[in-house]
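Okay, structure first, notes after.
The values are calculated or read from the model by the stated rules, or taken from the named source; none is laboratory data. In this text the structure is predicted, and so the values were computed from the model without any measurement. Note: ideal-geometry Cβ built from the backbone for every residue, glycine included; neighbour counts use all protein chains shown.
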Amino acid sequence: MSDDSQAMPPTLLEALHAYPEVVGPRLEASPVSAGLLHQTWAVEAVNHRFIAQQVNPIFSPAIHQNVVAVTNHLRAKGLETLELCRTREGGLFVDGSDGSRWRLMRRLRGVSLERCTGTEQARAAGAAVGTFHSALADFEAPLAPLGFPFHETRLHLQDLRRALARHVDHPFQGVVTDLARQIEAGLETHRPPAALPNRVIHGDLKLSNLLFAGSDPPACNQVVALIDLDTTARMPLYFDLGDAWRSWCNRRTEDAREAHLDVSLFGAAAEGYRSSLRLTLSADERRSLEVAFERVTLELCARYATDTLEESYFAWDSDRYASAAEHNWARASGQWNLYEQAVDTATLRLRSLRD
């Protein structure tokens, strides 16, 4: 092995030895990202390129069976998608001696981008999501629970209330209390219809969970695949569209205290989605999309507000922030500002959904 392998976490090196394809005199790994939930590494072996991830322990091990079932279905429909590698014993992940959990995937072509660069990219991303939803319309296999509440707005609000009750002496308790009242009022205003069909959704459609053919035009306007399918579940469609618009249409980073909602990106993404969708949406589903942006933004705002007090769920940047509380308060503030801009632009944005 090369000296570069010494930079790997020892448990990653331990995990890689469980995979028969990771062999040869040279083995190199470099960090790709330390995301909010998973740590990701690019692994180079002889004639093979992989992605290794340390899976957050909040996820049930059963998500890996979900990923296999969904990707097999997508592949059968002709879509490019990720592929989990199996260990010598046929497993889909490796539990390290320190309690960490690792998995390995074949590396797909393409690049991951953090911010949307323009309307053509937003249109392509929307079309890719429409194709994804359409391809899974006839997926009938069961999907195991993720292992934690996800897109369960009522439970996220309960978590926020409990955090406020537990952390009465926290330095951010006062501002989080005020924000919690505003979040609850906003969710009451932006309510989707009560009875909506469950569809198979991605669950976490931030832009970085789409792979593009390249970083520059025209490649940056060509979607290769949707990745990070851990949160695939059966839920109403508005969760996916709201999360996509929330992520793609904000010209600023997610931890910027002030957002910049670009309405032109919203319109392009909505147009792209409609152009590729092969599902017939009910009237209630269409109405739910009209509050999707606001509702999902508020839900994430509540989760960031909770972790401002709990300091336990989301990763934080110790180089830029003095504490996890400070970082998550910046995230919560940014999402609240994005929500306010969504409300201010609702009339203009909804034209692109109704035309």
**Request:** Select from the stretch 202-219 the residues that are in a loop (DSSP other than H, G, I, E, B) and more than 30 Å from T153 (Cα to Cα) and list them in ascending order.
**Result:** A213, G214, S215, D216, P217, P218
**Prompt:** Which condition does A76 not pass, out of (1) among the hydrophobic types (A, V, I, L, M, F, W, C); (2) out of contact with any Lys or Arg (no Cβ under 9 Å at 6 or more places or on another chain); (3) assigned by TED's automatic domain parsing to the domain that holds A244; (4) at pLDDT 95 or above, if it passes all the others?
**Reply:** (3)
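Rundown of residues vs (1) outside the structural domain of W336 (by TED's automatic domain parsing); (2) within 19 Å of the chain's Cα centre (by Cα), yes/no style:
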residue: G99; (1), (2): yes, no
residue: T119; (1), (2): no, no
residue: A127; (1), (2): no, yes
residue: R161; (1), (2): no, no
residue: D169; (1), (2): no, no
residue: V176; (1), (2): no, no
**Asked** Considering only residues of the stretch 90-104 that are assigned to a loop (DSSP other than H, G, I, E, B) and without any contact (Cβ under 8 Å) to a residue 40 or more places away in the chain, which is surrounded by the most Cβ atoms within 10 Å (Cβ to Cβ)?
**Response** F93
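Working only within the stretch 52-78, note down all residues that are of a type in the set (A, V, I, L, M) and in a strand (DSSP E or B). Outline the logic, then answer.
First, pick out the residues of the stretch 52-78 that are of a type in the set (A, V, I, L, M): 52, 55, 58, 62-63, 67-70, 74, 76.
Within the stretch 52-78, A52 is the sole residue that qualifies.
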**Request:** Tell me, yes or no, whether the stretch 220-229 has at least one residue that is at pLDDT 95 or above and part of a helix (DSSP H, G or I).
**Result:** yes
**Asked** Looking at A259, A270, which one is among the aliphatic types (A, V, I, L, M), modelled with pLDDT of 95 or more, assigned by TED's automatic domain parsing to the domain that holds T345 and not in a helix (DSSP H, G or I)?
**Response** A259
**Message:** Name the single residue that is surrounded by the fewest Cβ atoms within 10 Å (Cβ to Cβ) among those in the stretch 9-43 being over 19 Å from V111 (Cβ atoms) and at pLDDT below 75.
**Reply:** P25
**Prompt:** Of the residues that make up the stretch 242-254, is at least one modelled with pLDDT under 95, in contact with a Ser or Thr (Cβ under 9 Å, 6 or more places away or on another chain) and under 30 Å from R320 (Cα atoms)?
**Reply:** yes
**Fill in**
Of those in the stretch 301-355 that are of a type in the set (V, I, T) and farther than 21 Å from A163 by Cα, the residue farthest from the chain's Cα centre (by Cα) is T347
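Can you say whether H156 is in contact with a Lys or Arg (Cβ under 7 Å, 6 or more places away or on another chain), within 26 Å of A233 (Cβ to Cβ) and touching a residue at least 24 places away in the same chain (Cβ under 8 Å), as far as the supplied structure shows?
Details: in contact with a Lys or Arg (Cβ under 7 Å, 6 or more places away or on another chain): yes; within 26 Å of A233 (Cβ to Cβ): yes; touching a residue at least 24 places away in the same chain (Cβ under 8 Å): yes.
The answer is yes for H156.
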**Asked** Of the residues T40, T131, T81, which is touching a residue at least 40 places away in the same chain (Cβ under 8 Å) and either more than 20 Å from the chain's Cα centre (by Cα) or not in a loop (DSSP other than H, G, I, E, B) (or both)?
**Response** T131
